[in-house]
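The values are calculated or read from the model by the stated rules, or taken from the named source; none is laboratory data. All values reported here derive from a predicted model rather than from experimental measurement. Note: areas computed on protein heavy atoms with side chains; ligands, DNA, RNA excluded. Shrake-Rupley method; radii C 1.70, N 1.55, O 1.52, S 1.80 Å.
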Amino acid sequence: MNNASATRTGPARTSALAEDLRLLIGKLKRRLREQGQREDLPPSQVAVLLRLEKDGPATVSSLARSEGMRPQSMSSAISALETAGLVRGAPDPDDGRQTIMSLTESCRERLRTGRAARQDWLSRTIAARLSAREQDELATAVGLLKRLVED
């Protein structure tokens, strides 16, 4: 929290804290992205890959719905991902007019490698920059952050 937010009270302090947290999380996301080597893909394509990883194979139209995109935009994203060798299509066994998209093994490996690189960077940075006491404080803060996002 910056000095201005630390000296405020009530709603002004809460607002300043929220702004500090939002900015910090954005910076952390950018640093992690740099470590994970996904910067060559637009966020919309990364979202599609993560959706396929999480939910499994899907049609282009169901991906478009789940990502809140127009089917034409999703088709463009899928086409770029196919060209990059990250997804592949197979005929839908229930409806031959549809194609089921899934991740390629090279994409799965790329996701695993990127996560490992981000985890390694963050672990090394925490160990190098924070004392044991500060790491305990960070653990407490992580618990508080989890409470913010729980439903």
For Thr59, list long-range residues whose amide hydrogen, built 1.01 Å from N in the peptide plane, is under 5 Å from its own amide hydrogen.
Met101
Given the options Asp136, Asp40, Asp55, state which has the largest fluctuation in a GNM of the chain using a 10 Å cut-off (strictly under) for Cα springs.
Asp136
Going from the alpha-carbon gyration tensor of the range 108-150, what semi-axes, largest first and in whole Å, does one get by taking the root of 5 times each eigenvalue?
24, 17, 5
Compute the helix-to-body angle for 132-149: its Cα long axis versus the longest principal axis of the chain, expressed 0 to 90° and rounded to tens.
60 degrees
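How would Met69, Met74 rank on accessible area, largest to smallest, probe 1.4 Å?
Sorted descending by solvent-accessible area, the residues read Met69, Met74.
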So for the range 37-85, considering every pair of alpha-carbon atoms, how many percent are separated by more than 15 Å?
36 percent
Among Gln135, Gln45, Gln98, whose mean-square fluctuation peaks in a Gaussian network model of the chain (Cα, cutoff 10 Å)?
Gln135
Over the heavy atoms of Glu137, what accessible area does a 1.4 Å probe trace out, to the nearest 10 Å²?
100 Å²
What angle do you read, to the nearest 10 degrees and between 0 and 90, between the alpha-carbon axis of helix 71-83 and the longest principal axis of the chain?
90 degrees
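Determine the share of the chain's accessible area contributed by carbon and sulfur atoms, expressed in whole percent, with a 1.4 angstrom probe. Walk me through the numbers before you get to the answer.
Working: 5610 of 10490 Å².
Roughly 53 percent of what the probe reaches on the chain is carbon or sulfur.
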Report, in degrees rounded to the nearest 10, the 0 to 90 angle that the Cα long axis of helix 43-55 makes with the longest principal axis of the chain.
80 degrees
With contacts defined as alpha carbon pairs under 8 Å and 6 or more residues apart, what's the relative contact order of the range 12-151 in percent?
23 percent
Two-decimal log10 I(q)/I(0) for the chain, as the Debye equation yields it once each C-alpha is a single scatterer, q = 0.19, 0.20 Å⁻¹
-1.17, -1.23
At 10 °C and 1.306 mPa s, grab the translational diffusion coefficient of the range 13-100 from Stokes-Einstein with a Kirkwood Rh over Cα pairs, rounded to a whole number in µm² per second.
106 µm²/s
Can you give me the accessible area per residue for the chain, using a 1.4 Å probe, in Å²?
69 Å²
